[in-house]
1. Say we join alpha carbon atoms closer than 10 Å with springs in a Gaussian network model of the chain; which of 149, 112, 93 then has the biggest fluctuation?
2. Working from Cα positions, state the angle (0 to 90°, nearest 10) between the long axis of helix 270-281 and the longest principal axis of the chain.
3. Hey, if you drop one equal point scatterer on each alpha-carbon of the stretch 3-126 and run the Debye formula without solvent, what base-10 log of I(q)/I(0) do you get at q = 0.13 Å⁻¹?
4. State the extension gain, in nm to one decimal, for the chain segment bounded by residue 231 and residue 143, taking 0.36 nm per residue of separation less the distance between their alpha-carbons.
5. On full extension of the chain, what length is gained from residue 81 through residue 249, given 0.36 nm per residue of separation minus the C-alpha to C-alpha distance?
6. Evaluate E = 1/(1 + (r/R0)^6) for residue 291 and residue 20, where r is the Cβ-Cβ distance and R0 equals 51 Å; express this FRET efficiency to the nearest 0.05.
7. Taking R0 as 25 Å, what's the FRET efficiency between residue 120 and residue 58 from their Cβ-Cβ distance, rounded to 0.05?
8. Using only the alpha carbons of the chain, what is the convex hull's orientation-averaged projected area in square nanometres?
């Protein structure tokens, strides 16, 4: 659903090219640029020697605001080799979806050239899937959204039927949070909320949350649970500051023989995601709170 591309810094050697490529990347496009190597931004700047001062300044300024399009990765790097050789070596160890390069001297099938990027007839490696069908199993559901969760600083789960007493809900919550936090150096600046309906009393909901959830939530992570009038809610989302997805059936596993074993997961347009995020988390929420209090669960899952 969200694919990682290695993009040769020298491809962004003009404002026109820079705009063109940046317009194709971002969570809602289903494409991210690998921060390969770690000094990728610096390499872009170093490749702007042919630009005029104004053009160079525009690109440098814009580079400051594209972190939502970049995906950090642990990688090997040999400073004695050119970027493409390093990228091809890295691809053998930890594959990218594709490598975008100025040249392809080895005629590698995983390398795309600038002229290959034809939106009217895109090559297979450039095509994206804005919707996928996944098994309603916790591991598969979390895998479908792991890059979204891993990059985001604000994560909001929405499912009107969530119940902490149900194993099918707890299993997916645990795996979603594992996907979100397993590669982070710190969880201190990450906000996590779960919004649901009021199918039970507040006292029962709070008790079940506090007794069953702490050992599923990573240590150092707090999850806030907010409840709204259930009849006002229907759709299921994972929303973040970078983008969001919809789940058609729910954010729970199918543990019942009669239920559907698959779900349709779809990327949301950026503006729609931010509107729905504001409906729940903005200064003037769209929905009616079911409770006065919010339940905050402090994570205690062993590392």
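Rule-based calculations on the coordinates, nothing more; no lab input. These numbers come from a predicted model, not from an experiment. Neighbour counts are summed over all protein chains in view; Cβ atoms, including those assigned to glycine, are modelled from backbone coordinates with ideal geometry.
1. Among 149, 112, 93, the largest mean-square fluctuation in the Gaussian network model of the chain belongs to 93.
2. Once rounded, the angle reads 30 degrees.
3. Here the Debye-derived log intensity ratios amount to -0.49.
4. Using 0.36 nm per residue and subtracting the Cα-Cα distance, I get 28.6 nm.
5. The residue 81-residue 249 span can extend by a further 55.6 nm.
6. My answer for the efficiency is 0.55.
7. In this case the efficiency is close to 0.35.
8. 18.4 nm²
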